[in-house]
Structures are given as structure tokens and as C-alpha cells.
Amino acid sequence: NWCKAVSLLANMLQLRLEPSIINYNATISACERGSVSHAALELLASAGMRGVDLNAISFNATISACAKGRMTQKALTLLENMAQLRIQPNTITYNAAISACEKGSMPQMAICLLDEMYQRIIGPDTISYNSTISACEKGHRSQMALQLLLSMRRIALQPDAVSHNAAISSCEKVTLWNKAIALLLGMPLASLQPDIYSYSAAISACENGQQVQQALELLDALQRQRLQADIITYNAVISACEKASQPREVLKHFREMHQKHLQPTV
């Protein structure tokens, strides 16, 4: 674990053994896996002060640690530092920075970083797009999220379930219930199997759009697919039924939740 990795590096220094960039990178990566952003930052700074030649791996792991720690501005500063040190960023670097923007609800910056990848001839991958779509979803930029999903197909990147789920969720937030359903129904055509997150997001879009019949039909569809509706799914269905003044449906689904030992929160 990260504590042991940091301890081993500290022991090297106590024994007056000079850690190499490999030692530092391994320790920073351990901190990143442990989501300990402050330790990763301290190690990167320590390596720099000791004259160790930092490289892309050092920054990639630290930026990723900052993303996990929701330290978005710090992650972006590290990306700028790489340019100052003439260290070439790569796809992993940008993916980590875009992920930081996604967790920090900075959709415009995520889009700018994706554009910058093209400008620097650094090929975006599915992860790059998924993180940017997710950033747009969290930032209520549904149209941009949908455009990015279309862009993936145009550049021969295959959107996966994560891509679709984030796009469906973006429709939920602005009541584009018909688009959410279209995306859900289009997943099997792309050889993708919708999961409970796909259905729950689409049902929530229907709930927000006061489309109770569509919400109920989606609940039936997911059960036919042998998916287990969770608390989020039922909350959306019950809320849709309440808005449509359908008390019998509300009671029916409350009973189903009770049978499945789910605690309602609406």
C-alpha cells in the first residue's frame, strides 16, 4: 500500500541512498492508487528539489492523484508545469487532467483540453471522450455531451456503455426524455447491453419530463432484461407516478420496494 511505499522511500533517504526516478514514480503511483493526493504532490516536489529528472510518468500519476482528490486547479497547474519543464504530455496526461475537470464540474475546461489534444497531435481515446462527456453531464451541457458522442463515431472511436450512460444522464438533467430513450434503445444496435445505470438515467429523464407511461414501460423493460431495479430506479418511477397523480402505481411500487428490502427516500 501507499504507506509502505512512502516508508520504503523514507528509509532510503535515511540510509543516504539517493532514490532514482523509478523509485519516486513507483511511490507516487502507489499514492495515486491510494487516492492520497497530498502525499503524491509532496513526493513530486521532493523529487524536483533533489534534482531528480522528472518525466511524464511522474506528472501523470500526480495529476491522476489530484483528480481523485478533486484538486482540479492543482491538476491543471501541473499540466502547465510540464510545459515549463519541457516534458511532453501524452494521452494519459490529458485523460487525467480531463478527469480532474469532470470531478470539479468544469465542462468548458474539459472541452478545451480535448481540443488541445488535437492541436498537439495527441490522439484522444475513448477514456478522453468519456471523461469529457461526463464533465458536460455534470455541468448540465447536454447538447455538447450529445455532440461529443456523435463525434466519437465520426473519428472511428467506438462509444461504450460509459459513453452512453453519461450522455443519457445528461438528457435527464434537462428533461430531454425522448433523446434519453432513443440513446437507450440505440445501445443494442451498437452491440452494447444497457445496464441498470442506463435504464435508471432514462427513467429519471422521463420523470423530470413528466412522462409517467414511458417511465413505467422502461421499468418493465429492464425487468424483462432480468436487471434488478435499485433505489434510484424506484425513486424515479414513484416520483413520476406522484407527479401524474397515480396513487395506485405509487403504492404498487412501494410494495415492490418493500419486497426487495429497498428503503424508499422520496
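The values are calculated or read from the model by the stated rules, or taken from the named source; none is laboratory data. Every value quoted in this text rests on a predicted model; they were computed, and no experiment measured them. Here Cβ is always computed from backbone atoms with ideal geometry, including for glycine, and neighbour counts include all displayed protein chains. Accessible surface is based on the protein model in full, side chains and every heavy atom, while ligands, DNA and RNA are left aside. Shrake-Rupley method; radii C 1.70, N 1.55, O 1.52, S 1.80 Å.
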Scan segment 12-27 and give yes if some residue there is buried (at least 23 other Cβ atoms within 10 Å of the Cβ) and in contact with an Asp or Glu (Cβ under 6 Å, 6 or more places away or on another chain), otherwise no. no
For segment 17-25, state whether one or more residues are closer than 26 Å to Met117 by Cα, over 21 Å from the mean Cα position of the chain (by Cα) and without any contact (Cβ under 8 Å) to a residue 40 or more places away in the chain. yes
Hits in segment 73-88 - residues which are under 19 Å from Cys101 (Cα atoms) and either touching an Asp or Glu at 6+ places or on another chain (Cβ under 9 Å) or open to solvent by 70 Å² or more (accessible area, probe 1.4 Å) (or both): Gln73, Lys74, Glu80
Restricting attention to segment 127-155, and to residues there that are closer than 13 Å to Ala166 by Cα and β-branched (Val, Ile, Thr), which single residue is surrounded by the fewest Cβ atoms within 10 Å (Cβ to Cβ)? Ile127
Residue count for segment 36-46, restricted to those that are open to solvent by 30 Å² or more (accessible area, probe 1.4 Å) and either touching a Cys at 6+ places or on another chain (Cβ under 6 Å) or closer than 13 Å to Leu9 by Cα (or both): 2
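Looking at segment 47-57, can you tell me whether even one residue there is among the β-branched types (Val, Ile, Thr) and open to solvent by 50 Å² or more (accessible area, probe 1.4 Å)?
Start the filter on segment 47-57 by keeping residues that are among the β-branched types (Val, Ile, Thr), which leaves 52, 57.
Those still in the list that are open to solvent by 50 Å² or more (accessible area, probe 1.4 Å) too: 57.
Yes - at least one qualifying residue is present in segment 47-57.
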